[in-house]
Every structure is written in structure tokens, then in C-alpha cells.
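Accompanying notes for the structure given below.
The values are calculated or read from the model by the stated rules, or taken from the named source; none is laboratory data. The model shown is predicted, which means the values in this text are computed figures rather than measured ones. Backbone-built Cβ (ideal geometry, glycine too); neighbour counts: all protein chains shown.
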């Protein structure tokens with residue numbers, strides 16, 4: 001989705017007439033995905049916390065996770081707010097929206113993803129399959145919502161920004177193995 005969103009942003013910056021509904025749909029999808037990721041990371045933190053001692057290296061790692069989650073949540077809130085303003089104001093809101101997108105992406109790549117594996121060693125020691133199922137929090141409802149939001153973006157995507165056309169990263173909901181292009185027909 002990020003690549004589709006980025007392609008739409010670049011096209012708009014190049015002068016293409018990209019409907020703001022596309023950007024709103026992208027932000028709605030990103031918010032749902034990031035809320036799920038934040039919830040998962042919070043559950044990881046909460047499951048690990050009883051297994052660390054105050055002041056040890058793992059405690060510092062969990063404090064760092066808290067900091068990264070707070071910054072990511074703040075950047076996401078700013079993105080959603082700017083998207084709402086852009087949807088309401090139209091073109092006058094574009095500059096603030098674009099700045100919020102850039103701020104969110106910087107936090108996402110440099111802060112959140114930059115430390116995403118920081119708790120892996122402790123997770124391997126503490127987590128069993130049952131805990132991983134609780135951490136994932138995947139439900140039929142969450143899968144249906146993600147698919148619905150994906151299809152909304154796909155339906156609004158401008159030329160060369162269809163999310164199904166991008167290879168790499170996690171597969172689109174229902175798309176099969178990574179690298180598979182397109183979506184299977186129901």
C-alpha cells in the first residue's frame with residue numbers, strides 16, 4: 001500500500017489530477033494497518049514486561065519500544081488529521097497533508113522499523129505458540145476490514161498506482177505468496 005500511496009503522491013507532485021479520495025482511502029488503510037501493528041507491538045511489550053528486571057538491558061529495550069510506539073502513534077495521528085483537513089479543504093490543505101505524509105514516513109522508516117527486531121531475543125525465550133496467537137490478534141473481522149480497505153484504495157488508484165501492481169513487501173490481502181502480482185478472483 002505504501003508504494004501505491006507514494007506513486008499517487010509523486011503523480012500529484014508532477015501535476016497529475018489525483019482525486020483526494022484516493023489519498024483519503026490510503027490513509028484509512030494505513031491507519032487500520034498501523035493500529036493493528038501498534039496493538040501487536042503493545043501486546044509484545046505487555047507480555048514481555050513481567051520477564052524483565054528494572055534497569056537491565058531488556059528493560060531499556062522495552063522503554064525504547066514504548067518511545068517508538070509513542071512517536072509512531074503521534075505521527076499517525078498527525079497524518080490522519082492532515083488527511084481530514086485535506087479532504088475538507090481540498091487543495092489548500094495539500095501542503096500540510098504532504099508534510100504530514102513525509103513526517104509519518106520518516107517516523108515509520110527511521111524509528112518504528114529501525115528497531116522492529118529489538119525484542120526478538122526475549123520473545124524467543126518467552127513466547128510460545130499460544131502467546132503468538134494472542135499477539136497477532138488476527139480475526140476474521142480484521143481480515144475482512146483490511147480486504148475492504150485494500151479494495152477501496154485499489155478502486156480509486158490512479159494509473160500506475162494500483163497496489164496490486166507493486167512487487168515486494170507483504171502480499172496484499174488474499175494475494176497469495178509474496179511477489180505474486182494481482183489478486184485472485186473469488
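For the reader, a short list of remarks on this structure follows.
- Screening region 54-66 for residues that are out of contact with any helix residue (DSSP H, G or I) (no Cβ under 8 Å at 6 or more places or on another chain) and assigned to a helix (DSSP H, G or I) and picking the one that is surrounded by the most Cβ atoms within 10 Å (Cβ to Cβ) gives 59.
- Filter result for residue 51 (within 30 Å of residue 124 (Cβ to Cβ) and either buried (at least 16 other Cβ atoms within 10 Å of the Cβ) or in contact with a strand residue (DSSP E or B) (Cβ under 7 Å, 6 or more places away or on another chain) (or both)): no
- Within region 126-140, being in a helix (DSSP H, G or I) and within 18 Å of the chain's Cα centre (by Cα) holds for 135, 136.
- Once region 4-38 is narrowed to residues that are exposed (fewer than 15 other Cβ atoms within 10 Å of the Cβ) and assigned to a helix (DSSP H, G or I), the residue that is nearest to the chain's Cα centre (by Cα) is 35.
- Those residues of region 72-93 which are buried (at least 16 other Cβ atoms within 10 Å of the Cβ), modelled with pLDDT under 95 and over 16 Å from residue 33 (Cα atoms), in sequence order: 93
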